[in-house]
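Below is one structure, written out as structure tokens; the observations come after it.
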Amino acid sequence: MICTGMARSSQHAVASATPGAGRPALTALDGNGRVASRIFDIPIELAQPADMLRTIASWVGSGSPHRVMYVNAHVVNESRALPELRRALEGADLVYCDGYGVRLAARVLEVPVPHRMTGADWVWGLAAMCEVAGSSLYLLGSDPPVARDAAERLRRWYPDLNIAGTHHGYFDLESPHNERVIEDINARRPDIVLVGMGTPKQELWIQRYADRLDTDVLWTVGALLDYIAGRVPRAPRWLADNGLEWIWRLAIEPHRMWRRYLLGNPKFLSRVMTERQHAHGHDG
């Protein structure tokens, strides 16, 4: 185990407010100095990525499931259409920024800008921490062979890493197959479950079943298992560091990604500008 965890944090708004909107721009997450920037009513952690990893690691051994989720432009768009997804994000124990669109939104809305933390970067640090501490991972998501391939690649780099189990993400919620997945996770009792089933399925799965799972951390990871397994190549660093990784993903997966980026990005920008106008409208 990494260490004994914190109790689930309660979220309390602090005095700083969005200009003119009458809503808190910052949220205090616990008594240990954690704060989040409130964007579209979602509390997005402001800590450095290394500090967020330490916070997540501290929940191992807590005896109750903590929910970790990310937001990018696509997740925000989906949350506006799906109230259950919005509630899942608002109620998570830690939400972090995984997309430059959210950072841009923060600047436009004049709220503190969160750091960007991408799974393809943090997963290696997480694996190293878990290997040293003896904490176990369960990989859930992607196509049937991908989770197994991702586990093998992680073990290649971290031979003593305890991967308690793997399972693909192609099953329906509320199905008998879903029940078998829950039973498998509970039988293996992993410390951390990485859930890569895409938005909104992964968030809704955690929201609905967290209280039935014998684990300490449930973490949405999107397409991370595909990256680990080598099925999807990472964008060149110069693209990723300048907020243009979406162009790379669109180029290598056009049939799957065109709607998300060519339709979703303009929709997100429109939402940001509408939110800004709404906030400044209250000034007048």
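Assorted remarks:
- If both residues of a DSSP beta bridge must be in the chain, then about 30% of such bridges are antiparallel.
- For the pair D51 and N32, the difference between a 0.36 nm per residue extended length and the Cα-Cα distance amounts to 5.7 nm.
- Most fluctuating residue given options A150, A25, A187, as computed from a GNM of the chain linking Cα atoms under 10 Å: A187
- This ranking places F40, F171 by how few other beta-carbon atoms lie within 10 Å of each, fewest first, which gives F171, F40.
- Ranked K201, K267, criterion: other C-beta atoms within 10 Å, fewest first: K267, K201
- Per-q log10 I(q)/I(0), the stretch 181-282, q = 0.14, 0.20, 0.22 Å⁻¹ (Debye; single scatterer per alpha-carbon; no solvent): -0.78, -1.06, -1.13
- A25 long-range amide H proximity, modeled H, under 5 Å: A17, T18
- Placing pseudo-labels 7 Å out from each Cα toward the beta carbon at R237 and L173 gives an inter-label distance of 3.9 nm.
- Per residue, the average separation of C-alpha pairs within less than 8 Å and at least 6 apart gives the stretch 86-240 a relative contact order of 23 percent.
- For W122, W157, order by how many other beta-carbon atoms lie within 10 Å, fewest first: W157, W122
Every number in this text was worked out from the coordinates using simple rules, so none of it is lab data. Here the structure is a predicted model, which is why all the values come from computation and not from measurement. Quick reminder, even Gly has a Cβ in these numbers, built from the backbone with ideal geometry, and neighbours come from all protein chains shown.
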